[in-house]
1. Would you give the gap between the C-alpha center of segment 305-342 and the C-alpha center of segment 233-300, rounded to a whole Å?
2. Give the Rg (one decimal place) followed by the Dmax (whole number) of segment 61-138, computed from C-alpha coordinates and expressed in Å.
3. Going by average Cβ density within 10 Å per residue, which order do the peptides 229-237, 259-267 take, highest to lowest?
4. Arrange the peptides 275-282, 431-438, 49-56 so that the one whose residues have, on average, the most other Cβ atoms within 10 Å appears first.
5. Order these peptides, 182-189, 338-345, by their mean beta-carbon neighbour count within 10 angstrom, highest first.
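What follows draws every value from the coordinates through simple rules; no lab data is involved. The model shown is predicted, which means the values in this text are computed figures rather than measured ones. Cβ: placed from backbone, ideal geometry, glycine included. Neighbour counts: every protein chain shown.
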C-alpha cells in the first residue's frame, strides 16, 4: 500500500549529510548522550569504512555507487517493502500509478521470506502465460532472487517492449521448477470493468489507481439508472495500489462520516480516513469476491465493508499485506519507499500476514471439475459458510457474519495454473466460475426471500 506524504520531504545527499552531522557534532561540542552518542559513533565508523574503501580497494570506486549500496543495505535490514529508488525508478513508479508502464505484468511481494507473485495483471504476458498468485520467483534470467530487494527484482523484470525475460517459478504442489520465457510489453491497465449478470451489477477492479474512484462512480451511476438492485464487487487478483483510491472506492458503498481505515506508526500516531461520499447503491445487497491475490488496498475495501456488515465477503482468504509505504522524494530526484505504518479496519483488525477471512469460503474448482451452467448444487463443501449460517445478504439492518516451455510463455515441467475461468472476451465466465456462481446464487436467493409475502 502506497501513499504520498502530505508535504514533501527533502534529504541532503548522504555524503554531505554525514559530513554536516560530524561537523556540527565536533565543531560545537554537542553533548552526545543516549541515542545521539550511538548515532555519532556509527556514522563515524561508516565514514572510516568509506575512506578505507576509496583509498585501499583493489579497483577504483565511485562514491555514488558505494553510498547507494550502503543505503540499499540499510533499508534491506528493515522489511521487504522499504527500498531506495534511483531517479529512473522513481519516475517509473510515478508513471505506474497512472496505469501504464513497461514489463511483463506481475505484482510482486514477499511471502515466507521469498519473492512471491501477488497477482498477475489481466491481459499481460504473465497472465497469458499462466503465472499464478502465490507462485515464488526463484530466478530472473538465471540470477537468484534470494538477495534481491523488491525494487531490484522489479527492475530486472522490466525492459523494452519486445525483449524477453526468463523466470524460474516454484509452485506449491509442483515438485519441479517451472521455466517461463516472457516477452515484455507495454502494460496498460484498465482498473474498472463492469457488466450486468442476471440483472445484477457486476464490477471488477484490477488495481487501485488515481482514476479508480472516479471510474467506479460512473459505473455505479449507470447501475442505478438501470435500476439494478444488487452488486458484486470483484477484487480477486487485485494486488492493491494507492491508499487514497481504496478510500474513494469504499466510500461509494458507505454513508458519509464512516471510518474506512486508520493507520498507526511507531509513535502510535493514528491517522484516520473518513468516507466523504454517499452510498450510491442505497445499501442494496452486495457481495465482495476475494482470493489469495487480493492484497493491500483490496483488503482495506473488503475489511471496511465486512466490518460494517455492508457486504458479504465470498471466496478465499486474501494475501495479508497490511503495511503502508510512504513515498518520500529525495533532493537528487531519487526516492525512498519506506514502511511507515500498519493499517487497521474500522473495528481495529490488523490484516498484516493474516488477510481477510471470507464470511463464506468458496474455493475454486480444478478445471476438470468445473460444473456446467445450471449444474452447481447449493450447499456443496466448497461453498459452505464458516458460521454455517444461511446465505443471507445484508441489507440495512442485517450485518454480515463475520523454463522455457514448448511454446513461449508456457511452463515446462508442470500443469497450467488455475486462474479464474474467463469467456471469449476475457471476462469472468459465469458458467465456469464457481465463486461468481455462488455470489449470483446468494443475491438471487435474497431477492426471492424479500419478495415472499409476509404473514399477517
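1. Centre-to-centre distance over Cα atoms comes out at 10 Å.
2. My reading of the Cα-based Rg and Dmax gives 15.1, 44 Å.
3. Values: 229-237: 25.1, 259-267: 16.9.
Order by mean packing, descending: 229-237, 259-267.
4. Working: 275-282: 15.6, 431-438: 22.1, 49-56: 11.2.
My ranking of the peptides, most packed first, is 431-438, 275-282, 49-56.
5. 338-345, 182-189
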